[in-house]
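Structure first, commentary second.
The values are calculated or read from the model by the stated rules, or taken from the named source; none is laboratory data. On a predicted model such as this, the values are computed, not experimentally measured, just so you know. As a convention, Cβ positions derive from the backbone with ideal geometry for all residues, glycine included, and neighbour counts pool all protein chains shown.
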Amino acid sequence: MAVSTISTSFIEEFESGVHMAYQRMGSKLRNTIRNRNGVKNKTTFQKIGKGFATTKARHGAVAPMNLEHTNVNVTLEDYFAGEWVDDLDQLRINHDEMMAAQQSGAYALGRKTDDLILAAMTGTTSAHDETSNGITLAWALGLMEAFGNNNVPDDGRRYVCVGWEQWSQLMSIDQFSRAEYVGTDQLPFPGGMTAKQWLGFMWFPHSGLTGMNGSGAAGTTHRECFAYHADAVAHAIGADISSNMQYHNDKDSYFILNKMQMNSVLIDAEGVFECELKN
């Protein structure tokens, strides 16, 4: 007969493992944008306008920049990832089983985190598509120009999130992947590296991007990718990932519940470009 009690120490150990798995591999995007923790139900992010320095006359007053401040609100939602386990003893004694159970919940909530961030980015009005050839050198240079023309800060916090097909296209661009252009220390190959700084952006692949048809609708021939600045998108978290277990006598099984309270919001549309790219 199954025992319906679970020690507090075991639950804490399991929850710690889920939290570590989420931090390690759960979300690719969360650490590339603005984050706010400990939010109660809703919060506000500020978009601060661009200012200019001025001169002043001797003993005269300094003219204020009169920056435009725009408030962007986000309301949190609850998200759950639950799973039934028939034999909890296997988790107690088998390290691999424990890790698999922890990772399944962490990865599910990590994917939801990225889905929320990507959904927020779709609210942008800026676009830089290449529906005929995918990523080319000319397209990448055009993206750099578009960010510059939008006065997006070139401060090392620009990112380009692409599909795996587009990552393969990048590998075929000499200026991205050959040592004579980028130096041996900047090659994208050592150690299976799948992120690279190039043209002022950190480029990386993501498996959760939406398939498109080349005309703005869902399909399979293209990929909805995003180029963005870290300050242009935000993710708010009320309760970080947590876990609980409860025995159900009618099923003679345990239900493992992982949950988070979070949501994402677009702050500055000029700092996010939606890029529909051919596969």
Given the conditions (1) within 28 Å of Pro153 (Cβ to Cβ); (2) in contact (Cβ under 8 Å) with a residue 24 or more places away in the chain; (3) not aliphatic (A, V, I, L, M), which single one is not true for Asn258? (1)
Are any of the residues in the range 21-39 in contact with a Phe, Trp or Tyr (Cβ under 6 Å, 6 or more places away or on another chain), modelled with pLDDT of 90 or more, among the hydroxyl-bearing types (Ser, Thr, Tyr) and not in a strand (DSSP E or B)? yes
In this structure, is Tyr254 in contact with a helix residue (DSSP H, G or I) (Cβ under 8 Å, 6 or more places away or on another chain), buried (at least 16 other Cβ atoms within 10 Å of the Cβ) and outside the structural domain of Asn150 (by TED's automatic domain parsing)? yes
Odd one out for Met99 among (1) on the phi < 0 side of the Ramachandran plot; (2) outside the structural domain of Ile33 (by TED's automatic domain parsing): (2)
When you scan the range 113-197 for helices (runs of 4 or more DSSP H) that lie fully inside it, which ones turn up with 1 or more residues that are at pLDDT 95 or above and of a type in the set (S, T, N, Q)? 137-149, 164-171
If we keep only residues of the range 117-167 that are in contact with a Lys or Arg (Cβ under 9 Å, 6 or more places away or on another chain) and of a type in the set (Ser, Thr, Tyr), then the residue surrounded by the fewest Cβ atoms within 10 Å (Cβ to Cβ) is Ser132
Hey, Leu170 farther than 27 Å from Phe80 by Cα and not assigned by TED's automatic domain parsing to the domain that holds Gln46 or not: yes
Answer with yes or no whether Phe226 is surrounded by 16 or more Cβ atoms within 10 Å (Cβ to Cβ) and closer than 29 Å to His19 by Cα. yes
Mind listing whichever residues of the range 230-240 are of a type outside the set (Val, Ile, Thr) and more than 21 Å from Trp167 (Cβ to Cβ)? Asp231, Ala232, Ala234, His235, Ala236, Gly238, Ala239, Asp240
Out of all the residues in the range 244-279, which are in a loop (DSSP other than H, G, I, E, B) and more than 19 Å from the chain's Cα centre (by Cα)? Asn249, Asp250, Lys251, Asp252, Asn279
